[in-house]
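Asks: Structure incoming, see below.
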Amino acid sequence: MVGESGDKYDIDTEESGPGEQNQPFRSKEALPDKKPTNATRMRRRREQRPDSAEAFQTKDASRPSNDFGDTFSVDVAEKARGNFLITIGYPGSGKSTFHSHLYRMCEEIHHVDPLHASGQPPNSVDPVMESRLNAWRRKYHMREQVDATEMGEANIYEVAFRVTPRTRPSLPLDLRVIEVSGEDLRKLDNSTTGESTAEMPQAIGTLLSDKMLNERNIIVAFMVDPDPDADPIEFLVDGLLSYMKVHGPKRLRKTKFCIIIPKPLQILEALTEYKEQYPDIWARYSKKPTLEAYKAAKDVNGNLASFYLSVFKKNLVQRLKTVAPKGGIMRSQLYLGEIEQQFEEDEGQERPVDVLTTVSYRDAAEIFSFVYEGFISKKLKPGALDKLRGR
């Protein structure tokens, strides 16, 4: 991972065994050859939705509450202040997994305290938020992936916590994380006027506006699914930038960005095909002589994210560089650890379940370092990362 200021964020992850151990952590619903991919399901749903300009701008959020009842509403967003990490990606790209993994890393490596939800009194504890975090913890102990979040504005929620690093600087960071489905943020091109409009969840649009400019700090993370059937992340990037250029131009100039690629094995598979089709381009971009050098390594190389983006997403970083502050872009893969397929009984039948047998926090720790520096304006010393060796 490399900051645009020249600071390097690239880092090698822990060692892992060959073959299946390097597989990405997938949901139970996303096992191969069982069901349509998340991208396919999303595309079918989108084809059934209205495509008129009248259906867009900001959407009405007065829909039924989610299972936890903790919808991040417009009223809450109007008064919200603090440090927000907003993660955007298509269904199945790993948003919930990223947030829960980041939270777990903070619990393991640093010191975490509860933080009041937006719109609630300071020092208060939100029992609904605690219920959600407890559900995450139960999944940790089972070494299973957290449940995916349903699409729709009613299911947009906030998780807030205070992280005090165990290494210098030890200034606490009050962090609020929110995820947005790609189904709820799209860019439309008006064929009549040639202008672009963006559909934006109303609460998120309120956060991204120029209101309370000095009382809200925002980092946006884009989850880039390397699945070749996934919809292009560029649609979401363009949608966000189009919206903010109109409704939050001052905010946009202060916003920093993370580009996260969550499935290392699929990156390697994609690069294999690319090498076979375009060997001359491969040779020009590759910092190592062959893909076999990557495969032979027992770890997933930290430069892989930047390499993948330079091959498949050449314009993505350039689009963000036109608006981001200096040093305001980070690229990272997200390697969770070693995966083992086990079987559990479900209604009298056994079904395969991917279980995380060995956890890696290396990439999550690097992403947190970027987030911490972005909000606190101080770099974390590498001591915390040194403790992660062997994990």
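The values are calculated or read from the model by the stated rules, or taken from the named source; none is laboratory data. Quantities reported herein were computed from a predicted structural model and do not represent experimental measurements. A quick note on method: Cβ atoms are made from the backbone with ideal geometry, for glycine too, and the neighbour counts reach across all protein chains shown.
Asks: Select from segment 263-311 the residues that are of a type in the set (A, V, I, L, M, F, W, C) and either surrounded by fewer than 13 Cβ atoms within 10 Å (Cβ to Cβ) or part of a loop (DSSP other than H, G, I, E, B) (or both) and write down the one among them that is modelled with the lowest pLDDT.
Replies: Step one: of segment 263-311, the residues of a type in the set (A, V, I, L, M, F, W, C) are 265, 267-268, 270-271, 281-283, 291, 293, 296-297, 300, 304-305, 307, 309, 311.
From the residues that got through so far, the ones that are either surrounded by fewer than 13 Cβ atoms within 10 Å (Cβ to Cβ) or part of a loop (DSSP other than H, G, I, E, B) (or both) too are 281, 283, 293, 296-297, 300.
Numbers: Ile281: 67, Ala283: 68, Ala293: 48, Ala296: 43, Ala297: 40, Val300: 44.
Checking each candidate, the answer is Ala297.
Asks: Under the condition of being more than 19 Å from the chain's Cα centre (by Cα) and surrounded by 14 or more Cβ atoms within 10 Å (Cβ to Cβ), which residue from segment 138-155 is modelled with the highest pLDDT?
Replies: Restricting attention to segment 138-155, the residues satisfying the condition of being more than 19 Å from the chain's Cα centre (by Cα) are 138, 141-143, 154.
This time we only want the ones that are surrounded by 14 or more Cβ atoms within 10 Å (Cβ to Cβ), so: 143, 154.
Numbers: Arg143: 75, Ala154: 72.
Only one residue fits best here, namely Arg143.
Asks: I've got another one for you. When you look at Leu115, is it of a type outside the set (Val, Ile, Thr) and either modelled with pLDDT of 90 or more or closer than 26 Å to Lys79 by Cβ (or both), yes or no?
Replies: Numbers: of a type outside the set (Val, Ile, Thr): yes; either modelled with pLDDT of 90 or more or closer than 26 Å to Lys79 by Cβ (or both): yes.
Considered against the rule, which asks whether it is of a type outside the set (Val, Ile, Thr) and either modelled with pLDDT of 90 or more or closer than 26 Å to Lys79 by Cβ (or both), Leu115 comes out as yes.
Asks: Does at least one position in segment 156-171 carry a residue that is charged (D, E, K, R), under 23 Å from Lys79 (Cβ atoms) and buried (at least 18 other Cβ atoms within 10 Å of the Cβ)?
Replies: Within segment 156-171, the subset charged (D, E, K, R) is 158, 162, 166, 168.
If we keep only those that are under 23 Å from Lys79 (Cβ atoms) too, we end up with 158, 162.
Next, only the ones that are buried (at least 18 other Cβ atoms within 10 Å of the Cβ) stay: 158.
Scanning segment 156-171, I find at least one residue that is charged (D, E, K, R), under 23 Å from Lys79 (Cβ atoms) and buried (at least 18 other Cβ atoms within 10 Å of the Cβ), so the answer is yes.
Asks: Taking segment 330-383 on its own, how many of its residues are in contact with a helix residue (DSSP H, G or I) (Cβ under 6 Å, 6 or more places away or on another chain), farther than 20 Å from Lys263 by Cα and buried (at least 20 other Cβ atoms within 10 Å of the Cβ)?
Replies: 1
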